[in-house]
1. Sorted by packing (mean other beta-carbon atoms within 10 Å per residue), highest first, where do 112-125, 142-155 land?
2. Can you pull the percent of region 1-76's accessible area that's carbon plus sulfur, 1.4 Å probe, other chains left in place?
3. Considering the Cα trace of region 1-76, what is its radius of gyration and what is Dmax, both in angstroms?
4. Which FRET efficiency, nearest 0.05, do GLU138 and ILE68 yield, Cβ-Cβ r, R0 35 Å?
5. Can you give the extra length, in nm with one decimal, that the chain gains between GLN9 and ALA41 once fully stretched, where that is 0.36 nm per residue apart less the Cα-Cα distance?
6. Mind giving me the FRET efficiency for SER125 and VAL81? R0 is 30 Å, r the Cβ-Cβ distance, nearest 0.05 is fine.
Amino acid sequence: MNMKQPFEQVVTEHGATVLRVCRVLLGTHDADDAWSETFLAAMRAYPGLPETANVEAWLVTVARRKAIDVLRAAKRLPLPVDELPEAPTDLGVPEAVDLDVWTEVGRLPDKQRQVIAYRYLAGLSYAEIAQLLGGTAEAARRASADALGNLRKHHPGALPKGASS
C-alpha cells in the first residue's frame, strides 16, 4: 500500500519551487505572503488529495490561484503614500544576480510569463502547463518560444536556467 508522505516533507520538498513560482507571478514583495497562503490552503486540502496526484503540479496550481487572489486584492486596495519608498535593494534576496532577467520576465505578457514560470521554475511539461492555463501543449510551447525570443531581444545572454537558445 502506498502512503502519502507527511505534509511537512511536502513543504520541504516543494517549498522552493512554489516560492519561485510566486516570485515570478507576483514579484518579491508579495511572494512570501502568497507562498504562506498556498501552503495553508494546501495543508487543509492535502488529506483529500489522491495518493496518485502530482503533488508539485497541484501545489503550483494552488500557488497560481493564490497569486490571482493577491493581484485582485491589490487592484481593489490602492495604497496612497506621502513619499516614494527608497530604491529597492538586492541585499538578502536569493538569486539577486538574476534580478535583471526576472525584471524582463515580469514585463512579458501574462500568458508568456506564466508559461516561463511553470516550465523553467516548476519543471512542468507543456501538457501540464496547458491543463493549468487552458489551451494546447503546442500553444504553451509557442508561448514559451515567444517569451524566450522576447527575453533574448531585451536581455541578450540571460535566460532562465534550463532554457535553451
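1. Averaged packing, sorted descending, gives the order 112-125, 142-155.
2. Whole-percent figure for carbon plus sulfur exposure: 55.
3. Rg then Dmax for region 1-76, in Å: 12.7, 48.
4. Computed FRET efficiency for GLU138 and ILE68 comes out at 0.90.
5. 9.9 nm
6. Once rounded, the FRET efficiency stands at 0.10.
The values are calculated or read from the model by the stated rules, or taken from the named source; none is laboratory data. No experiment lies behind these values; they were computed from the predicted model shown. As a convention, Cβ positions derive from the backbone with ideal geometry for all residues, glycine included, and neighbour counts pool all protein chains shown. What goes into the accessible areas is simple: the full protein's heavy atoms, side chains included, and nothing from ligands, DNA or RNA. Shrake-Rupley method; radii C 1.70, N 1.55, O 1.52, S 1.80 Å.
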